[in-house]
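Take a look at the structure below.
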Amino acid sequence: MSTPGPSADLALSCADCAAPFAFTGAEQAFYRERGLREPTRCAPCRATRRAERNAPAIAALDARLAAGAPVVTATDHGTFGGASATGGARFSRGTGSGYGGPRQLFPATCASCGAATEVPFPPRGGRPIYCRECFGRLRRR
């Protein structure tokens, strides 16, 4: 499948302020790659609309900061910047299955050093299992 070559710049008119603005060939390629429609507003009007759309979230964040509350709360999506909603460390592994229950561990023997270890998946015959130390050593190679 071939991609279209560079396009000529287009002169478009802003839907809000009616000012003409250029839609460059590079911008056209960017929009085309992502399946986006061509813009109907000039860059300043797009920035104004984005600011208006985000104003409630920005006001809520400012209110939280002014009140001394944490920036990230348990109701926010994600845990960037603080502990998880359950109070544990962020991005920790081994504390649960990801669905709220305890993680099930299966006994196994390390294929490299022969030490007894546990893994979070059922071992299948023919596939080597490594202890934490041997696995780390193999990953560094």
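The values are calculated or read from the model by the stated rules, or taken from the named source; none is laboratory data. The shown structure was predicted, so the numbers you read here are calculated from the model rather than taken from an experiment. Note that each Cβ is placed from the backbone with ideal geometry, even for glycine, and that neighbours are counted across all protein chains shown.
For every residue, the table says whether it meets (1) in contact with a Pro (Cβ under 8 Å, 6 or more places away or on another chain); (2) outside any helix (DSSP H, G or I).
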site	(1), (2)
36	no, yes
41	no, yes
46	yes, no
52	no, no
59	no, no
63	no, no
66	no, no
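Looking at the range 19-57 only, could you name the residues that are modelled with pLDDT of 90 or more and more than 23 Å from residue 7 (Cα to Cα)?
44, 45, 47, 48, 49, 50, 51, 52, 53, 54, 55, 56
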